[in-house]
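Okay, structure first, notes after.
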Amino acid sequence: MEPTSAPVGVAGVPAVPHGKTALRLEWKFLPPEVRALIEHRLGSPVVEAVSRTAGFTPGFASVITGANGTSVFVKAASRAAQAEIASSYAEEARKRQLLGDRVPAPRLDWISDEDGWVVLGFEAVESRQPRRPWKPADLDRALDLAETIVAATVGVPAELALQPL
């Protein structure tokens, strides 16, 4: 029997299936104490939670909207069930705080690392994922952003411990 192999893309690199990314945890499946924490930070009961399905982690990632009209982008992961993801979210928060306003990225408004969950609350911004396959205009925007980030991170705090690319 022949072994199956991944589809091959350009230059022999395995093709990434378009539209196939993370299977995200949804709002209704978060533990009650995590939902209560998010509602407390939001200052209102949640009336809508729209999952952000792009990405490559199974952690919770949704734009949450409260009855008071406030919205926040929330990422959350369990330290017990998703230890690696939770640690990466905690590290993301640490680095985002150290970078401050240096980079064009949504503001990190709050962090919670208690009850076995890492929960991050970011400024909710209007956005969309690049069309797949990528179109030249989306690639140009991404490359322009990469250049902006490189220029902004020339002199960053040593605590970031960034490695040159």
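Please find, within the stretch 53-72, the residue that is farthest from the chain's Cα centre (by Cα) out of those that are of a type in the set (A, V, I, L, M, F, W, C) and surrounded by fewer than 20 Cβ atoms within 10 Å (Cβ to Cβ).
Looking at the filtered set, the residue picked out is A67.
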Six or more apart or on different chains, Cβ atoms under 7 Å: show the pairs whose first residue is in the stretch 119-133 and at pLDDT below 90 and whose second is open to solvent by 90 Å² or more (accessible area, probe 1.4 Å). R132/H18; P133/H18
Which listed residue is at pLDDT below 95 and either more than 18 Å from the chain's Cα centre (by Cα) or within 30 Å of A158 (Cα to Cα) (or both), from E26, E2: E2
Among what's in the stretch 75-104 and is basic (K, R) and open to solvent by less than 40 Å² (accessible area, probe 1.4 Å), pick the residue that is nearest to V50 (Cα to Cα). K75
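For residues that are over 20 Å from the mean Cα position of the chain (by Cα) and open to solvent by 90 Å² or more (accessible area, probe 1.4 Å), scanning just the stretch 105-139, find the one that is nearest to S87 (Cα to Cα). If you could, list the steps in order and put the result at the bottom.
As a first pass, look at the stretch 105-139 and keep what is over 20 Å from the mean Cα position of the chain (by Cα): 115, 133, 135-137.
Narrowing the set further to residues that are open to solvent by 90 Å² or more (accessible area, probe 1.4 Å) leaves 115, 135-136.
Numbers: D115: 14, K135: 34, P136: 35 Å.
Filtering the stretch 105-139 for residues that are over 20 Å from the mean Cα position of the chain (by Cα) and open to solvent by 90 Å² or more (accessible area, probe 1.4 Å), the one nearest to S87 (Cα to Cα) comes out as D115.
Could you please give the count of residues in the stretch 152-165 that are open to solvent by less than 70 Å² (accessible area, probe 1.4 Å) and assigned to a helix (DSSP H, G or I)? Walk me through how you get there before you give the answer.
The initial filter retains those residues of the stretch 152-165 that are open to solvent by less than 70 Å² (accessible area, probe 1.4 Å), namely 152-153, 155-157, 160-161.
Narrowing further to those that are assigned to a helix (DSSP H, G or I): 152, 160.
Of the residues in the stretch 152-165, 2 are open to solvent by less than 70 Å² (accessible area, probe 1.4 Å) and assigned to a helix (DSSP H, G or I).
This table checks each residue for (1) over 30 Å from P130 (Cα atoms); (2) of a type in the set (D, E, K, R); (3) at pLDDT 95 or above.
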{"site": "V34", "(1), (2), (3)": "yes, no, yes"}
{"site": "R41", "(1), (2), (3)": "yes, yes, yes"}
{"site": "V46", "(1), (2), (3)": "no, no, yes"}
{"site": "V50", "(1), (2), (3)": "no, no, no"}
{"site": "T57", "(1), (2), (3)": "no, no, no"}
{"site": "F60", "(1), (2), (3)": "no, no, no"}
{"site": "T65", "(1), (2), (3)": "no, no, yes"}
{"site": "N68", "(1), (2), (3)": "yes, no, yes"}
Sole exception among (1) surrounded by 13 or more Cβ atoms within 10 Å (Cβ to Cβ); (2) over 18 Å from R35 (Cα atoms); (3) among the hydrophobic types (A, V, I, L, M, F, W, C) for L143, by number: (1)
I'd like to verify a number: residues in the stretch 81-109 that are modelled with pLDDT of 95 or more and out of contact with any strand residue (DSSP E or B) (no Cβ under 9 Å at 6 or more places or on another chain), how many? 0
Check off (1) open to solvent by 70 Å² or more (accessible area, probe 1.4 Å); (2) modelled with pLDDT of 95 or more for V16 and give me the number that stays unchecked. (2)
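Is it the case that the stretch 75-93 has a residue that's in a loop (DSSP other than H, G, I, E, B) and in contact (Cβ under 8 Å) with a residue 40 or more places away in the chain? Lay out the reasoning, then the answer.
From the stretch 75-93, those in a loop (DSSP other than H, G, I, E, B) are 79-82; that's our starting set.
Add one more test, that the residue is in contact (Cβ under 8 Å) with a residue 40 or more places away in the chain, and what stays is none.
No, the stretch 75-93 contains no residue that is in a loop (DSSP other than H, G, I, E, B) and in contact (Cβ under 8 Å) with a residue 40 or more places away in the chain.
The values are calculated or read from the model by the stated rules, or taken from the named source; none is laboratory data. These numbers were taken from a predicted model, which means no experiment stands behind them. Heads up, the Cβs are rebuilt from the backbone with ideal geometry, glycines too, and the neighbour counts pull from every protein chain shown. Remember, those area values only see protein heavy atoms, side chains included, never the ligands or the DNA or RNA. Shrake-Rupley method; radii C 1.70, N 1.55, O 1.52, S 1.80 Å.
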